1. Please find, among Tyr64, Tyr13, the residue that is in contact with a helix residue (DSSP H, G or I) (Cβ under 8 Å, 6 or more places away or on another chain), without any contact (Cβ under 8 Å) to a residue 60 or more places away in the chain, surrounded by 10 or more Cβ atoms within 10 Å (Cβ to Cβ) and not β-branched (Val, Ile, Thr).
2. Name the residues in segment 21-79 that are of a type in the set (Val, Ile, Thr) and in a loop (DSSP other than H, G, I, E, B), would you?
3. For segment 40-50, name all the residues that are modelled with pLDDT of 90 or more and either touching a His at 6+ places or on another chain (Cβ under 7 Å) or surrounded by 10 or more Cβ atoms within 10 Å (Cβ to Cβ) (or both).
Amino acid sequence: MTSTAIRQRLITYLSDAEDNKIKAIYTLLEREIENEQSFNLSEEHLEILDREKELHLKGETKSYSKQDSLDIIKGLRKL
């Protein structure tokens, strides 16, 4: 069964399920749901991003377009 088919079956099931079953399913997934909804960078990572941003704005570092980045990732272009 494909992921799409599974999603559709779950949506159908959840729309008609009893409240206690909905709460039970949510309890099983609650931690994962909360982790996906919150993404926090550490102070160290924020400082790194700030330094990199400043260097970029001053023109002291090389920047790449989205397409250049994808080409580098795919090995079609070298740094």
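1. Checking each option against the conditions leaves just Tyr64.
2. Answer for segment 21-79, where residues must be of a type in the set (Val, Ile, Thr) and in a loop (DSSP other than H, G, I, E, B): just Thr61.
3. Scanning segment 40-50 gives His45, Leu46, Glu47, Ile48, Leu49, Asp50.
Residue-wise test of (1) over 21 Å from the mean Cα position of the chain (by Cα); (2) at pLDDT 90 or above; (3) of a type in the set (Gly, Ala, Ser).
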| position | (1), (2), (3) |
| --- | --- |
| Thr12 | yes, yes, no |
| Asp16 | yes, yes, no |
| Asn20 | yes, yes, no |
| Glu34 | no, no, no |
| Lys53 | yes, yes, no |
| Ser63 | yes, no, yes |
| Arg77 | yes, no, no |
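The values are calculated or read from the model by the stated rules, or taken from the named source; none is laboratory data. Quick caveat: nothing in here was measured; it's all calculated off a predicted structure. With ideal geometry, Cβ positions are generated from the backbone for all residues, glycine too; neighbour counts draw on all protein chains shown.
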